[in-house]
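Step one of this worksheet: look at the structure below.
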Amino acid sequence: MYVRVTRPEEGIGRIQLHRPEVLNALNLQLMEELVSALVSMDRDEGIRCILITGDRRAFAAGADIDEMSDATAVDMLLKDQFAVWDRIRHISKPIIAAVSGYALGGGCELAMACDLIIASETAQFGQPEINIGVMPGAGGTQRLTRAVGKVRAMEMVLTGNPLRAEEALQAGLINRVVPEELLEDEALRMAREIAAKPPVAVRLAKKAVLKAMDTTLETGLAYEQMLFYLLFATEDQREGMQAFLEKRKPRFRGR
Ligand code: CO8
């Protein structure tokens, strides 16, 4: 197994990428295991927030170069490795990437496919594919550009030079930078905070924010309104508002 799945606390699922000998290079088997863990956590009502992490040295140093080096275009097409990546987009629960060390190529793309990114001071984010004769293929040119803007994304993609954690924070690519020894705690703290929110509202809010990435303002606003109205069909809306009026803590049930 190339991933380790745990439940560190009630409501939180944790997936650790585990191919340390190759800096968690993302081969097809690892990606399939990762996505299958994500899908089963997404279906599990006991899990409200998902963490993906690597180890101290690497979140992931990219797609597995060994696995691709001899492939032809037709091999790549028939293998259709992106099908498994695409499934990450359909995970409805929030996913937090906790990144230490290298997040390069597919590793950076995987972090960007998550909803929030917490990094240790040692993290570095880059798209070095240009150095090996290719270019990003799992969202790097698209999500990076949306996150940091055209100018910075262009520089990263054309030079292959990575951003250090602090630079990535300033560029708007990641949410927080913490000392390495606090990474797990901080990621868990954020997961705990989100896991305590009303799950249906979290799910729809995630959908609405993602919608903003690929639609017009008008369509996005209409979509947001529909999801907002839909939440008035939930018990948690009643509970949340009632608890506010009664000046007590809400008890959300995910219904
Ligand atoms: N694939 C396969 N093996 C890798 C990878 C990788 N991406 N990265 C590191 N490794 C292996 C090394 O070959 C080495 O193995 P061995 O001990 O057997 O020689 C081991 O991990 C340790 O690596 P290094 O000795 O190189 O460690 P260093 O600390 O000297 O360097 C670096 C670390 C800078 C991260 C260096 O390993 C490196 O440059 N790695 C490659 C980074 C890269 O180019 N990533 C992009 C890959 S392409 C990609 O991600 C495309 C994604 C889109 C397609 C996804 C679906 C197909």
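The values are calculated or read from the model by the stated rules, or taken from the named source; none is laboratory data. Computed from a predicted structure; not experimentally measured. Here Cβ is always computed from backbone atoms with ideal geometry, including for glycine, and neighbour counts include all displayed protein chains. Each accessible area value is taken on the protein alone, full model and side chains, heavy atoms only, with ligands, DNA and RNA left out. Shrake-Rupley method; radii C 1.70, N 1.55, O 1.52, S 1.80 Å.
Annotation note: of Arg248, Arg189, the sole residue that is open to solvent by 30 Å² or more (accessible area, probe 1.4 Å) and within 26 Å of His90 (Cα to Cα) is Arg189. Scanning region 26-37 for residues that are within 16 Å of the ligand (Cβ to nearest atom) and either open to solvent by 10 Å² or more (accessible area, probe 1.4 Å) or closer than 19 Å to Ala187 by Cα (or both) yields a count of 6. For Ala222, state whether it is buried (at least 17 other Cβ atoms within 10 Å of the Cβ) and assigned to a helix (DSSP H, G or I). No, not satisfied. The criterion of at least 3 residues that are within 13 Å of the ligand (Cβ to nearest atom) and buried (at least 24 other Cβ atoms within 10 Å of the Cβ) is met, among strands (runs of 3 or more DSSP E) falling completely within region 39-120, by 58-60, 102-104. If the condition is being within 8 Å of the ligand (Cβ to nearest atom), assigned to a loop (DSSP other than H, G, I, E, B), in contact (Cβ under 8 Å) with a residue 40 or more places away in the chain and open to solvent by 20 Å² or more (accessible area, probe 1.4 Å), then region 121-142 contributes only Gly137. Among the residues of region 8-38, just one is assigned to a strand (DSSP E or B) and out of contact with any helix residue (DSSP H, G or I) (no Cβ under 9 Å at 6 or more places or on another chain), namely Gln16. Here is a check on your reading of the model: is Arg4 without any contact (Cβ under 8 Å) to a residue 40 or more places away in the chain, open to solvent by 10 Å² or more (accessible area, probe 1.4 Å) and away from the ligand (no atom under 14 Å from the Cβ)? So Arg4 passes the test.
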